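K.L.:
The structure's right below; bear with me while I get my questions together.
The values are calculated or read from the model by the stated rules, or taken from the named source; none is laboratory data. This structure is a prediction, so every number in the text was calculated from the model and none was measured. Cβ placement follows ideal geometry from the backbone for every residue including glycine, while neighbour counts extend to all protein chains displayed.
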Amino acid sequence: MVDIKSCFVKSPHPFFDCQKWQQLVNTLAELYNAASGTIVQFRENEFNVVATSSNDDNFLTQNSNWPWEMRSFCRHMMETKQSLYVKDAVNHEMWCQVQPVSEGPVRSYLGFPLFWPDGELFGSICVIDTKKTDYPDILVQLLSQFKSLIEGDLQRIVDYEVVKSLALEDQLTGLHNLRGLNVLGQQRIKDAHRFMQHVAIVYLDIDNLKQMNDEYGHHSGDLCIVELAKVLKSVTRDADIRARVGGDEFVVMLLSSSEEFVSQWCRRLIDKYDAALEKLSYQHEVSVSVGYGIYDPIDEVPLEKMVQLSDNVMYANKQAKKRA
């Protein structure tokens, strides 16, 4: 299971999307016109900055840390398990003497505690400024939505570990198997619906794999399968869902509403697989057929139906390739 005390900076979980968190804190700093948008992890009696905005006037850096013993805004939220908004720290009786204010640049702080799915504290998400602020209620509430995004990522990390513990991985490729796709895919659809994101399902099928097995043996066929899995890992993020759902069939689940992006992604995957096969001298015998669909979760299309529709597109593309 997840080691909740593991440092996300030094030992990131394979399902942790650090780029997404970085983009999120950058957005916070811009949206709130603040000096710092930051996500902090609390572990081993220490606060550690996991991600912080990249604007020039940010006084924090990734991996900045301070001890529990030091009185701080983050510590207060860990103790109370409640959000905290200090509009004018310098003139606040409780906060004017804390070190980040009395000896540092902090003048305003808005933060929410972050929790693992089991209720254990992860840390905090916060907007810190070097000037006093007076955010409208809508901005305070908005930060709680960003909190939900991060906690959704923590849920997916736990789900990933549950999948591993249930042996839902394909042994040959290290990808998820069909059951793993169903477990993680259902959760991904729920998250996509909650945050109004589209889901792209890409279905892949290796062409002529049976003939390869018959002519060269199953070891050669396995090499072609493993090479496709390697390519999939190289063109996806760790947070994307990749599964081997049959002997020569694969499914990838991406979050995207862009037809152009998904089409280019498929083209890049095909080119990389062709190049990998060329090194194995199999490029004339084997190739890959691809089909995809982009789905809006608000339409409530079941995952099984999404996969079937994308499979139908793949099959049509495969037949068109044969006729050509």
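K.L.:
Scan segment 267-300 for residues that are under 18 Å from Ser256 (Cα atoms), aliphatic (A, V, I, L, M) and at pLDDT below 90 and jot them down.
P.N.:
Hit for segment 267-300 is Ile298, nothing else.
K.L.:
Filter segment 112-146 for residues that are in contact (Cβ under 8 Å) with a residue 12 or more places away in the chain, closer than 15 Å to Thr27 by Cα and either part of a loop (DSSP other than H, G, I, E, B) or not β-branched (Val, Ile, Thr) (or both) and give the result.
P.N.:
Cys126, Asp129, Leu139, Leu142, Leu143, Ser144, Phe146
K.L.:
Which ones in segment 182-227 are part of a helix (DSSP H, G or I) and in contact with a Lys or Arg (Cβ under 9 Å, 6 or more places away or on another chain)?
P.N.:
Within segment 182-227, Leu184, Gln187, Arg188, Asp191, Gly221, Ile225, Glu227 meet the criteria.
K.L.:
Could you grab me the full set of residues in segment 236-247 that are at pLDDT below 95 and over 18 Å from Arg156 (Cα atoms)?
P.N.:
Of everything in segment 236-247, those that are at pLDDT below 95 and over 18 Å from Arg156 (Cα atoms) turn out to be Gly246, Gly247.
K.L.:
Just checking: which of the strands (runs of 3 or more DSSP E) contained wholly in segment 24-105 hold 2 or more residues that are surrounded by 14 or more Cβ atoms within 10 Å (Cβ to Cβ)?
P.N.:
Those strands (runs of 3 or more DSSP E) span 36-43, 46-52, 84-86.
K.L.:
Moving to a separate point now. State whether the residues of segment 287-305 include one that is more than 28 Å from the chain's Cα centre (by Cα), buried (at least 17 other Cβ atoms within 10 Å of the Cβ) and part of a loop (DSSP other than H, G, I, E, B).
P.N.:
no
K.L.:
Output the number of residues of segment 1-15 satisfying the condition of being in contact with an Asp or Glu (Cβ under 7 Å, 6 or more places away or on another chain) and surrounded by fewer than 19 Cβ atoms within 10 Å (Cβ to Cβ).
P.N.:
Residues flagged as in contact with an Asp or Glu (Cβ under 7 Å, 6 or more places away or on another chain) and surrounded by fewer than 19 Cβ atoms within 10 Å (Cβ to Cβ) within segment 1-15 amount to 5.
K.L.:
Examine segment 112-134 for a residue that is farther than 19 Å from Phe47 by Cα and either of a type in the set (S, T, N, Q) or surrounded by 18 or more Cβ atoms within 10 Å (Cβ to Cβ) (or both), and state whether such a residue exists. Lay out the reasoning, then the answer.
P.N.:
Step one: filter segment 112-134 for residues farther than 19 Å from Phe47 by Cα, giving 117-118, 130-134.
So of that shortlist, the ones also either of a type in the set (S, T, N, Q) or surrounded by 18 or more Cβ atoms within 10 Å (Cβ to Cβ) (or both) come out as 130, 133.
Yes.
K.L.:
OK, next. Quick check, is Val202 aliphatic (A, V, I, L, M), surrounded by 18 or more Cβ atoms within 10 Å (Cβ to Cβ), more than 30 Å from Asn91 (Cα to Cα) and in contact with a strand residue (DSSP E or B) (Cβ under 8 Å, 6 or more places away or on another chain)?
P.N.:
Values: aliphatic (A, V, I, L, M): yes; surrounded by 18 or more Cβ atoms within 10 Å (Cβ to Cβ): yes; more than 30 Å from Asn91 (Cα to Cα): yes; in contact with a strand residue (DSSP E or B) (Cβ under 8 Å, 6 or more places away or on another chain): yes.
Criteria met by Val202.
K.L.:
While we're here: Which number in (1) surrounded by 13 or more Cβ atoms within 10 Å (Cβ to Cβ); (2) farther than 21 Å from Gln141 by Cα; (3) modelled with pLDDT under 95 marks the one condition that Lys20 misses?
P.N.:
(2)
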